[in-house]
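Visitor: This is the structure, below, for whatever I ask next.
The values are calculated or read from the model by the stated rules, or taken from the named source; none is laboratory data. Predicted model, so just to flag it, every value in this text is computed and none were measured. Neighbour counts are summed over all protein chains in view; Cβ atoms, including those assigned to glycine, are modelled from backbone coordinates with ideal geometry. Ligands, DNA and RNA are excluded from the accessible area calculation, which covers all protein heavy atoms including side chains. Shrake-Rupley method; radii C 1.70, N 1.55, O 1.52, S 1.80 Å.
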Amino acid sequence: MRVQVKICGITKIEDAHFLEEAQADFAGFVFHPASSRHLSDEQAGLIAAELHPSIKKVALAVDPDDHQIDAMIKAIAPDYIQLHGAESPERCAALKQRFDCGIIKALGIGSAAHLAAAETFDSCADFMLLDALPQPGGPQGGSGHRFDWSLLTDYNGKLPWFLAGGLTPDNVVEAVQATGAAYVDVSSGVERQAGEKDRGKISQFIQAARLEK
């Protein structure tokens, strides 16, 4: 199986078109006003309409209420909702049942205890996304920081998982070799500045990731 690549935080129609050319597998749409990659429902809908149907749409939010999730679904009809806040396993299960949508639960990893917490989502999510812990006062995800990949040696979660946090075209080969990740997620590592994707970096990242498995 080839490594699957998620490009998170796309902000332009041109991004959607290029992801088809680059053969990305997932595209992330950020619905979080504190992020430089935040999209209004209208903006997200226009971009999603241009995305090739082979690319899975992921709507990212931080501790969303049901009203926000309903709005995201109406805007882009996502394949997955990515929960990037303090959502509990019970909340994930309730959202999955109510909205009949796939769930990606993101967690910051800094110790074995965080990996144990990730395993509690085995029965209610479809994927885990294992990311670096947010920096004090910083954003949830997309920070450009990596965590200690050696911690994943002891991860016993049953769900497929994305490796995230500080990945770039220059280190994704090392990351896949070190962790055995079958799915990788990148945002800031393929940008020229926050919220502005770089086509060259996206191509380099995807090519490098795919060479490794």
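Visitor: Please report the orientation-averaged projected area of the range 10-95, defined via the convex hull of its C-alpha atoms, in nm². Can you show the working numbers first?
Guide: Details: hull surface 21.7 nm².
The Cα convex hull of the range 10-95, projected and averaged over all directions, gives 5.4 nm².
Visitor: Also, I was wondering about something else. Before anything else, pin down the relative contact order of the chain: Cα pairs under 8 Å, at least 6 apart, normalised by residue count, whole percent. List each step's numbers first, then the result.
Guide: On the way: 440 pairs, mean separation 44.3, N = 213.
Averaging sequence separation for qualifying contacts and normalising by length gives 21 percent for the chain.
Visitor: Every cysteine in the chain with no other Cys Cβ under 4.7 Å from its Cβ, please list them in numeric order.
Guide: Cys with no partner Cβ under 4.7 Å: Cys8, Cys101.
Visitor: Right, here's the next one. Just to be sure I follow the rule: in the chain, considering lysines 8 or more places apart or on different chains, how many pairs have Cα atoms under 12 Å apart? Write out the running numbers ahead of the final one.
Guide: Working: Lys6/Lys56; Lys6/Lys57; Lys12/Lys197; Lys96/Lys105.
For the chain, the number of qualifying lysine pairs is 4.
Visitor: Could you compute the FRET efficiency for Ala77 and Ala34, with r as their C-beta to C-beta distance and R0 at 22 Å, rounded to 0.05? Let's see the in-between values first.
Guide: Numbers: r = 24 Å, r/R0 = 1.11.
Using R0 = 22 Å, I get an efficiency of 0.35.
Visitor: Let me ask another. By how many nm would the segment from Ala112 to Glu20 grow when fully extended, if each residue of separation counts as 0.36 nm and the alpha-carbon distance is taken off? Don't skip to the end; give the middle numbers.
Guide: On the way: separation 92, 0.36 × 92 = 33.12 nm, distance 3.71 nm.
Result for the pair: 29.4 nm of gain on full extension.
Visitor: Can you give the FRET efficiency for Glu50 and Ala94, using 1/(1 + (r/R0)^6), R0 = 35 Å, r = Cβ-Cβ distance, to the nearest 0.05?
Guide: Values: r = 32 Å, r/R0 = 0.92.
Rounded to the nearest 0.05, the efficiency is 0.65.
Visitor: Non-local amide H neighbours of Gly102 (under 5 Å, H modeled in plane, Pro and chain starts lacking H): which ones?
Guide: HN-HN under 5 Å from Gly102: Ile81.
Visitor: Give me the accessible area per residue for the chain, probe 1.4 Å, as a whole number in Å².
Guide: 44 Å²
Visitor: Another question about this same structure. Run the accessible area of the range 4-210 with a 1.4 Å probe and give the carbon-and-sulfur part as a rounded percent. The partial results should precede the final answer.
Guide: Numbers: 4210 of 8920 Å².
The C+S portion of the solvent-accessible surface of the range 4-210 is 47 percent.
Visitor: Something else now. Please compute P(r) over all alpha-carbon pairs of the range 4-210, binned at 5 Å starting from zero, and give each bin as a whole-number percent.
Guide: 1, 8, 17, 21, 22, 17, 10, 3, 0
Visitor: Provide the per-residue ³J(HN,Hα) series for the range 114-120, in order, calculated from phi with Karplus coefficients 6.51, -1.76, 1.60 and θ = phi - 60°, each as a whole number of Hz, with x at glycine and proline positions.
Guide: Using θ = phi - 60°, the values come out as 5, 5, 5, 5, 4, 5, 6 Hz.
Visitor: If each DSSP helix of 4+ residues adds -39,500 (n - 2.57) and the sum is divided by the residues in the chain, what number results at 222 nm, nearest 500 deg cm²/dmol? Can you show the working numbers first?
Guide: Numbers: 7 runs with 69 residues, N = 213.
After summing the helix terms and dividing by residue count, I get -9500 deg cm²/dmol.
Visitor: Another one. For the range 185-193, what does the Karplus curve 6.51 cos²θ - 1.76 cosθ + 1.60, with θ = phi - 60°, yield as ³J(HN,Hα) per residue in whole Hz, taken in order and with x for Gly and Pro?
Guide: 10, 9, 9, 5, x, 10, 10, 8, 7
Visitor: Could you derive backbone 3J(HN,Hα) for the range 178-184 from the dihedral phi with the Karplus parameters 6.51, -1.76 and 1.60 (θ = phi - 60°), listing whole Hz in sequence and x where the residue is Gly or Pro?
Guide: So the Karplus estimates, Gly and Pro as x, are 6, 10, x, 4, 9, 9, 10 Hz.
Visitor: Where both residues lie in the chain, what percent of DSSP beta bridges are antiparallel, nearest 5? All intermediate terms of the calculation are to be shown ahead of the outcome.
Guide: Numbers: 2 of 34 bridges.
Roughly 5 percent of the DSSP beta bridges within the chain come out antiparallel.
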